[in-house]
Amino acid sequence: MSTTRARIWPFFGGIRLPGHKSESLGKTIQAHSLPQQLILPLNQHIGLSATPAVKPGDKVFKGQLIASASSSVSAPIHAPTSGTIKAITQHPTLHPSGLNAPCIVLEPDTQEQWADTIKPNAHPLQIEPETLRKLIGSAGIVGLGGAAFPTRLKLETGIENNIDTLIINAAECEPYITCDNALILERAAHIIEGIQILLRALNISRCLIGIEDEMKPAIHTLKQALTLTDETDIRLVETPTRYPAGGEKQLVKTLTGKEIPANGLPSDIGVLCHNVGTCYAVYQAIRHGIPLISRIVTVAGPGLGKACNLEVLFGTPIKDLIQLCGGYVNDKTDLLIGGPMMGYPVNSDELPIIKSCNCILVGSRSTKTEQTVMPCIRCGECVDVCPAKILPQILYWHAQAKEFDRIQDYHLFDCIECGCCDYVCPSHIPLVQYFRFAKNEIWSMEKEKLKSDQARERHEFRNQRIEKQKQAIEERRRKKKAALENKPKNLADDPKKSAILAAIERVQRKKSVADVEPKNTSNLSNAQKRQIKETDERRKNNKSE
Amino acid sequence: MNVEKTTNLNNRFKPHKSVTAMMLVVLVTLVPGVASYLYFFGLGMILNIIVACITALAAEALILWWRKKPVVFYLKDCSALVTAVLLALCLPSLAPWWLTVIATLFAIVIAKHLYGGLGHNIFNPAMIGYVVIIISFPQIMSTQWLNPDATKAIDSYTAATPLDNIKTELDRGQTISEVTEASPTLLFGEFGAYSWEWVNLAFLLGGIALLYLRIIRWHIPLMMLGTIFLIAAVFHYYDSDNYLPPLFHLFSGGTILAAFYIATDPVTSPNTRLGHIYFGIGIGIYTYVIRTWGGYPDGIAFAVLLMNMKTPILDYVTQPRAFGHPKKRHTHITHKKDSQD
């Protein structure tokens, strides 16, 4: 690897933030004791929910598949420990909406018995790339940086687009969060091996690791780990410590000088971006056969006893982690999932940890400052810090007025919601909230439009069909009529008509013979004859009447 | 434990910068300028400032109450005070009190609140107030300035501003050298207008403090002053008898005050940095043109208002290239069709 400082292309905007990193970095990564039950949401990733592969009452082993990927955009879920499946039920999950979602509830038996499907590989770098990608997919690995995009799918798009560079995101730019940093400090060699596996899976050799230049111990550790390998194409690049240096678009720009096109993917410019946590998960999955069942979570914040990094099994409730970190300082506390800039608040500490959760931030009411929103004075501070190079105050203006077509002209959808504009606004306007609102409105409007378009199409199609049927009937009728008109006038020629005529004739003949002589009247007595005569007389009279 | 869901938790980790603090800093940085003004031109100005401030606060409170807005909350932002002080500094020291009141009322009521209050006005309120009275009462506005020497030797108590004086003489066909020789009062100081140069220098000091504190950015003041200097230098070099030297333009009248305190008003100036550059250049050109060939001795107020009008279009045409987008899309204005058609 090269020791000279690599060239970088700094991104526009961004801000210097107080790091608050040392608070959680001093200690080693701690494991925690098994909770009483693990709640595993079926959707912990971007894409479709996994399909349960177990039923309540089943006994499962550690690392056993309990829910399989339901489509290519999905990821399987494995049992974090051995135990019994208690239920598959609705439970609140870690999501900004706070809504219930289907979860598998697992009660640990504390045996920690591994499934026999777990197979280590002594030589991961000799496995075929395609097999590697499959293994990564079946280990349930998703991007651990926060987005939780299925890793296998990302690798496949990289293969399809012939990418040439793998970018590893070690620039943990949000304040407080140190889970990647701690991972590097303790398991750098494993991360490097994970990177090598990813490179092989992608069939490329070039890799850039982006790391913030203030993470000195981590840089040192990674450098040492790199010298132990014979890799020459993995380079460590120090980026300026400036939020949001770890944003995918910003990191790629800083390391390669190229901008990911708007509405595009990194693979459009020949790169792929993975988080160091993902690299470690890949190492675990390929080398040791251990699927993704745990992750490092930073638990920090002013409202917490002591900050630390924990290795957490998925499904562990937040409160268990808080307890391990010395509990709450105050009675009244705020919980934020993710960092202070981009995290979202949740209202319960019963929620389980999922694959995308990198940090639990505990606020404290004493740190709260009352800030009232003032009118925008168009000072332009937000323009100076916006890494997407858009004009937040003009977006705000249009979002307020609900001018959703104008707001898109000003590139609303390029906003990465990093919160820099919020942070610097002297009027304390929650700008990002306005932008999220506008985005949601536009999305739902588009959905509505799509729906009504479909409905209209359906309606038009139906009308067309009815019209066609009518025409067909009309056509048939017309043909028939024409056929009739073309028929020869002589009825006798028509067998049907002549048959009818014959029948009519027969009936008439029958009627005409109704007045024939009565049968069996030869040897009747006179009285009988008279009676018959009278009857005939009466009948005739009746007829004539 | 009791977790309470808040929508804007990020606030908890934010620094404390506020509109009020910004306005207060602006007021504080005006102190050297005002102090030197008082030193050179006597205490008349302080009266203007007091009258303007009282009027502004009263008018603001009344109209906030009338608009059913939280009165104390909005008064605390101090924006009305900034408008009042800046306006007062533009008026002659001996301006009658009612003149100050009218100007301030116009600034606060018409120019600010009729447009929607703080952050919504299109025109700089102080400049609107100033323009209203310079058009309505030109006589007072051009004569009721104190002679810089009035406090020392009284040969004429009141005077026109140096810019006014010279403009009148130049219009009568005199050359600049003739004016300086014949003039009863001193017009030229060390580098700018007599006495005014020091006041302007003090304002420059405050302006630099604003830059240092990042309340304002360099684009507008530098471009405005640079443009005036450049044009003035060209014309002065070409004909030094009829065109004033560039430093005189910078250090006389309200040039420095306007460059740092008035043109940089965030509400009425563009949002983009490129827009700021065009805005500054525009004010510079207008100021020079009005001063030299227009009907008013100091054209800054008109220049600022003329550029205020162009702020929306400047915002539109100077949008930066958003991240990940191809270069420059907005070279012309596209007319958005209604969604119906």
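Annotations for the structure displayed:
- Only one of the numbered conditions (1) modelled with pLDDT of 90 or more; (2) under 18 Å from B:Gly206 (Cβ atoms) is not met by B:Phe40, and that is (1).
- Of the listed requirements (1) outside any helix (DSSP H, G or I); (2) at pLDDT 90 or above; (3) surrounded by fewer than 19 Cβ atoms within 10 Å (Cβ to Cβ); (4) not aromatic (Phe, Trp, Tyr), B:Ser156 misses just one: (2).
- Test: residue in the stretch A:269-285 that is assigned to a loop (DSSP other than H, G, I, E, B), surrounded by fewer than 23 Cβ atoms within 10 Å (Cβ to Cβ) and within 14 Å of chain B (Cβ to nearest Cβ): no
- For the residues B:Phe203, B:Phe191, the requirement of being touching a Gly at 6+ places or on another chain (Cβ under 9 Å) and either modelled with pLDDT under 95 or in a loop (DSSP other than H, G, I, E, B) (or both) singles out B:Phe203.
- Leading residue by the ranking (most open to solvent (accessible area, probe 1.4 Å)) among those in the stretch B:256-309 that are of a type in the set (D, E, K, R) and more than 17 Å from B:Leu89 (Cβ to Cβ): B:Arg273
- Boolean, A:Ile104 is closer than 13 Å to A:Pro52 by Cβ, open to solvent by 60 Å² or more (accessible area, probe 1.4 Å) and out of contact with any Gly (no Cβ under 6 Å at 6 or more places or on another chain): no
- Against the criterion of being open to solvent by 10 Å² or more (accessible area, probe 1.4 Å) and either touching a residue at least 60 places away in the same chain (Cβ under 8 Å) or of a type in the set (A, V, I, L, M) (or both), A:Cys173 qualifies.
- Test: residue in the stretch B:232-253 that is within 14 Å of chain A (Cβ to nearest Cβ) and open to solvent by less than 10 Å² (accessible area, probe 1.4 Å): no
- Test: residue in the stretch A:299-313 that is in contact with a Leu (Cβ under 7 Å, 6 or more places away or on another chain) and under 20 Å from A:Ala139 (Cα atoms): yes
- Close contacts from the stretch A:86-102, counting a first residue that is more than 26 Å from A:Gly57 (Cα to Cα) and a second that is hydroxyl-bearing (Ser, Thr, Tyr) and modelled with pLDDT of 85 or more, with Cβ to Cβ under 7 Å and a gap of 6+ residues or different chains, come to A:Pro96/A:Tyr344.
- Counted residues, the stretch A:407-436 - those being facing another protein chain (nearest Cβ under 8 Å) and not in a helix (DSSP H, G or I): 7
- The helices (runs of 4 or more DSSP H) located wholly in the stretch B:31-93 that include 1 or more residues which are within 14 Å of chain A (Cβ to nearest Cβ) and in contact with an Asp or Glu (Cβ under 9 Å, 6 or more places away or on another chain) occupy B:71-75, B:79-90.
- Residue check, A:Lys55 among the charged types (D, E, K, R) and either in a loop (DSSP other than H, G, I, E, B) or modelled with pLDDT under 90 (or both): yes
- Looking across the stretch A:474-518, just one residue is at pLDDT 65 or above, open to solvent by less than 100 Å² (accessible area, probe 1.4 Å) and assigned to a loop (DSSP other than H, G, I, E, B), and that is A:Asp494.
- When the stretch B:221-231 is filtered for residues that are β-branched (Val, Ile, Thr) and open to solvent by less than 10 Å² (accessible area, probe 1.4 Å), only B:Ile228 remains.
- Failed criterion for A:Ser70 (all others in (1) open to solvent by less than 40 Å² (accessible area, probe 1.4 Å); (2) without any contact (Cβ under 8 Å) to a residue 24 or more places away in the chain hold): (1)
- The residues listed here are A:Leu226, A:Leu251; of these, the one that is surrounded by fewer than 23 Cβ atoms within 10 Å (Cβ to Cβ) and outside any loop (DSSP other than H, G, I, E, B) is A:Leu226.
- Verdict on A:Pro150 being in contact with a strand residue (DSSP E or B) (Cβ under 8 Å, 6 or more places away or on another chain) and over 26 Å from A:Ala218 (Cβ atoms): yes
- Residue within the stretch A:437-448 that is away from chain B (no Cβ under 14 Å), farther than 21 Å from A:Met342 by Cα and open to solvent by 100 Å² or more (accessible area, probe 1.4 Å) present: yes
Yes/no per residue for (1) aliphatic (A, V, I, L, M); (2) farther than 30 Å from A:Ile416 by Cα; (3) within 14 Å of chain A (Cβ to nearest Cβ); (4) touching a His at 6+ places or on another chain (Cβ under 8 Å):
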{"residue": "B:Thr264", "(1), (2), (3), (4)": "no, no, yes, no"}
{"residue": "B:Gly282", "(1), (2), (3), (4)": "no, yes, no, no"}
{"residue": "B:Arg291", "(1), (2), (3), (4)": "no, yes, no, yes"}
{"residue": "B:Asp298", "(1), (2), (3), (4)": "no, yes, no, no"}
{"residue": "B:Ile313", "(1), (2), (3), (4)": "yes, no, yes, no"}
{"residue": "B:Gly324", "(1), (2), (3), (4)": "no, no, yes, no"}
{"residue": "B:Lys327", "(1), (2), (3), (4)": "no, no, yes, no"}
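- Residue within the stretch A:208-216 that is among the small types (Gly, Ala, Ser), farther than 25 Å from A:Ile290 by Cα and modelled with pLDDT of 90 or more present: yes
- Any hit, the stretch A:427-434, residues being in contact with a Lys or Arg (Cβ under 8 Å, 6 or more places away or on another chain), open to solvent by 20 Å² or more (accessible area, probe 1.4 Å) and either polar (S, T, N, Q) or modelled with pLDDT under 90 (or both): no
- Matching option when the condition is away from chain B (no Cβ under 14 Å), in a loop (DSSP other than H, G, I, E, B) and either surrounded by fewer than 24 Cβ atoms within 10 Å (Cβ to Cβ) or of a type in the set (D, E, K, R) (or both), among A:Gly289, A:Gly315: A:Gly289
- Of all residues in the stretch A:301-312, exactly one satisfies the criterion of being surrounded by fewer than 24 Cβ atoms within 10 Å (Cβ to Cβ) and either out of contact with any helix residue (DSSP H, G or I) (no Cβ under 9 Å at 6 or more places or on another chain) or on the phi > 0 side of the Ramachandran plot (or both), namely A:Glu311.
- Only residues that are of a type in the set (S, T, N, Q) and modelled with pLDDT under 85 were counted in the stretch B:244-258, giving 1.
The values are calculated or read from the model by the stated rules, or taken from the named source; none is laboratory data. Note that the coordinates shown come from a computational prediction; the quantities given were computed from them, not determined experimentally. In this analysis, Cβ positions are derived from the backbone assuming ideal geometry, glycine residues included, and neighbour counts consider all displayed protein chains. Surface accessibility is based on the protein's heavy atoms, side chains included, excluding ligands, DNA and RNA. Shrake-Rupley method; radii C 1.70, N 1.55, O 1.52, S 1.80 Å.
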